[in-house]
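Structure record follows, encoded as structure tokens.
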Amino acid sequence: MKGSSTEADVRIDLAAAYRLCAERGWDDTIYTHLSAMVPGEPGSYLINPFGARFDEITASSLVKVDSRGTVIDGSGRPVNPTGFTIHGAVHRARLDAACVIHLHAPWGLALSMLPEGLLATSQFAMRFHGRLGRHAYEGLALGPDEERRLVANLGQLDGLILDHHGTLTVGRTVAEAWMLMYLLERAAQAQLVAMAAAGGRVRAVPDAVAAATYRQWVGDGSEMDGDLEWPALLRGLDRTAPGFRD
């Protein structure tokens, strides 16, 4: 899966990503967002309408906005401009980030409170060796100065831990961004469960082993996370939540 070629394709993939998050309990009532670039329309993005739950999102309900969160599709549907602030900043800085996912998912949020962050304690975590940044908590507001710091902390990495806030991943496709969030949430869960069971004492692999495992995982870069998994995930959704394509 080398990227969705049309707006219709992206709408289906993004709606599916919202539904898959909802099925796993990663949503936060009507808050947090997944956004995706519109192919062939530089500066245009798709995002959820404000007030909708993740399990209500369909391909046609997604709203087209510019990088500042202003609705540009003439629909008049509401969006949460402040909710798009992080997404817009990342999209503007990372033209390769076709999809940006920011969640307050349970394990990622708990991970964001740990001073040591993500450790190389599981195979899931090793996918992020040297690929996960960190952004300090500065309160609810995200002004231009913090936008610049957040973008600098992300750099060319695959994601961020947002201290005391949650997690963020980016991908060249919706599938890649979603799979990276899945792996990050699994890695956080494994680490936190182990820490709880062992009184905080966990054993990480040496950096050299983690680095080698990362190289094995990504290979030559010709195959992205999500290429193999995404069709299977969509088949599952077609059974459990077929309305996402509407």
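Pick out the one residue from 67, 35 that is closer than 19 Å to residue 174 by Cβ and in contact with a Gly (Cβ under 6 Å, 6 or more places away or on another chain). Being closer than 19 Å to residue 174 by Cβ and in contact with a Gly (Cβ under 6 Å, 6 or more places away or on another chain) holds for just one of 67, 35, which is 67.
Any residue at all in region 107-115 that's more than 19 Å from residue 53 (Cα to Cα) and modelled with pLDDT under 95?
no
If only residues of region 179-209 that are among the charged types (D, E, K, R) and assigned to a helix (DSSP H, G or I) are counted, the one that is surrounded by the fewest Cβ atoms within 10 Å (Cβ to Cβ) is 207.
Residues are listed down the side, and each one gets a yes or a no for (1) within 17 Å of the chain's Cα centre (by Cα); (2) at pLDDT 95 or above; (3) closer than 20 Å to residue 241 by Cα; (4) not hydroxyl-bearing (Ser, Thr, Tyr):
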site: 8; (1), (2), (3), (4): no, yes, yes, yes
site: 12; (1), (2), (3), (4): yes, yes, yes, yes
site: 21; (1), (2), (3), (4): yes, yes, yes, yes
site: 26; (1), (2), (3), (4): yes, yes, yes, yes
site: 55; (1), (2), (3), (4): yes, yes, yes, yes
site: 65; (1), (2), (3), (4): no, yes, no, yes
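Counting the residues of region 13-54 that are free of Cβ contacts under 8 Å to residues at least 24 places away in the same chain and under 20 Å from residue 90 (Cβ atoms) gives 1.
The values are calculated or read from the model by the stated rules, or taken from the named source; none is laboratory data. This structure is a prediction, so every number in the text was calculated from the model and none was measured. Glycine gets a Cβ as well: all are built from the backbone with ideal geometry, and neighbour counts include every protein chain shown.
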